[in-house]
1. Considering only protein heavy atoms, with the full assembly of protein chains and a 1.4 angstrom probe, order His15, His75 by accessible area, largest first.
2. So what does log10 I(q)/I(0) come out to for the stretch 9-159 at q = 0.12, 0.18 Å⁻¹, using the Debye formula with one equal point on every Cα and no solvent?
3. How big is the chain by the Kirkwood estimate over distinct Cα pairs, in Å?
4. If Rh is defined by the Kirkwood formula over all Cα pairs and Rg also comes from Cα, what ratio Rg/Rh do you get for the stretch 212-292?
5. By how many nm would the segment from Lys65 to Leu45 grow when fully extended, if each residue of separation counts as 0.36 nm and the alpha-carbon distance is taken off?
6. Quick one: Cα centre-to-centre distance for the stretch 181-226 and the stretch 2-71, in angstrom?
7. Using a 1.4 angstrom probe on the protein heavy atoms only, line up Arg264, Arg171 by accessible area, largest first.
8. Take the residue pairs Lys209/Lys229; Lys166/Lys292; Lys64/Lys108 and return only those whose Cα atoms are more than 19 Å apart.
Amino acid sequence: MKALVTGGAGFIGSHLVDGLMERGHEVRVLDDLSAGTLDNIKRWLDHERFEFIKGDMRDAELVKKAVKGVEVVFHLAANPEVRIGSQSPELLYETNVLITYNLLNAIKDSNVQYLVFTSSSTVYGDAEVIPTPEDYAPLEPISVYGGAKLAAEALISGYAHTFDFKALIFRLANIIGERSNHGVIYDFINKLKKNPNELEILGDGTQRKSYLHVSDTVEGMLHIFEHFKKSEKTVDFYNLGNDDWITVKEIAEIVSREMGLKPRFVFTGGVDGGRGWKGDVKFMRLSIEKAKATGWRPRLNSCEAVRRTVRELLKT
Ligand SMILES: O=c1ccn([C@@H]2O[C@H](COP(=O)(O)OP(=O)(O)O[C@H]3O[C@H](CO)[C@H](O)[C@H](O)[C@H]3O)[C@@H](O)[C@H]2O)c(=O)[nH]1
């Protein structure tokens, strides 16, 4: 199989590239290196089955060139920062919706048969049903980021049905692990390196979410993709997350313990009832029953994934 991975030099994307290359596929990466790095994919750069294109997907002509000759596109290129929504809504629109639109227009005139998209738990907003299943309604995102992901999902569905290709959409919980360069664990480690005596926690620390290690994520994506290829569905949706969840305060405790520190926790109090920022979903746990029915299981629970991630990030 020949695959294009957009955002393939980024955090989740580069782990997906590892998984595809290790399974013997031909892989082309399109990445603007704004958040990703060549270091993340350096083991493949000289490989005969591997190709790297540096470029920005806001350039529609470049995207057309990148999809040439591939059967499947894994679309992971995105700006993943929920917290920038109130300052930079246009950036979230461009880097989540506009680039997806450019990709879909390129796909409609190509031989691409499958599109796999990484959407987000944030499309559910403050869901009233937890664990939240894929058919939860109404979908009411509370962040610009969640809205942009939902808009991208909707465009993908419309294009897949109109232009006869199949689309698999993953709604990811909080994905963590080696090579992540943003998010709560990364932030806590950096804050503690600067000041080991005190740790600022955004919000009231009771934000509770489910965390999935990137190794379990990639295994789930590739396993469910094989399952999806055999199904009759044109478009399908799968949550990927964990059965348990963990608070931000518990994460702060794990990070401190792993670093051998006992800092004083200072809570900012946050906004809108203890959220870290405007649009921060306070309680998120996805139902993963549909994914598990395909035979996939997460190997690490949220706590284990957090601990493993702290160790991985401290090594680099
Ligand atoms: O210094 C910090 C940083 C974060 N937090 C808190 O930690 C939680 C997690 O925040 P992250 O920035 O790690 O992650 P988000 O929940 O905002 O979003 C992540 O998970 C989402 C899906 O669940 C999206 O996919 C998104 O791209 C990805 O970054 C939040 O409640 C936040 O308030 C803090 O208390 N202090």
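The values are calculated or read from the model by the stated rules, or taken from the named source; none is laboratory data. If you're wondering where the values come from, they're calculated on a predicted model, not measured in any experiment. Cβ coordinates were reconstructed from backbone atoms using ideal geometry, including for glycine residues, and neighbour counts include every protein chain displayed. Just the protein is used for accessible areas: all its heavy atoms, side chains included, with ligands, DNA and RNA removed. Shrake-Rupley method; radii C 1.70, N 1.55, O 1.52, S 1.80 Å.
1. His15, His75
2. The Cα Debye sum returns log10 ratios of -0.54, -1.12.
3. 19.9 Å
4. Numbers: Rg = 17.8 Å, Rh = 15.9 Å.
That ratio equals 1.12.
5. Length gained between Lys65 and Leu45: 5.3 nm.
6. Value for the Cα centre distance between the two parts: 24 Å.
7. Correct descending sequence by accessible area is Arg264, Arg171.
8. As for pairs spanning more than 19 Å Cα to Cα, those are Lys209/Lys229; Lys166/Lys292.
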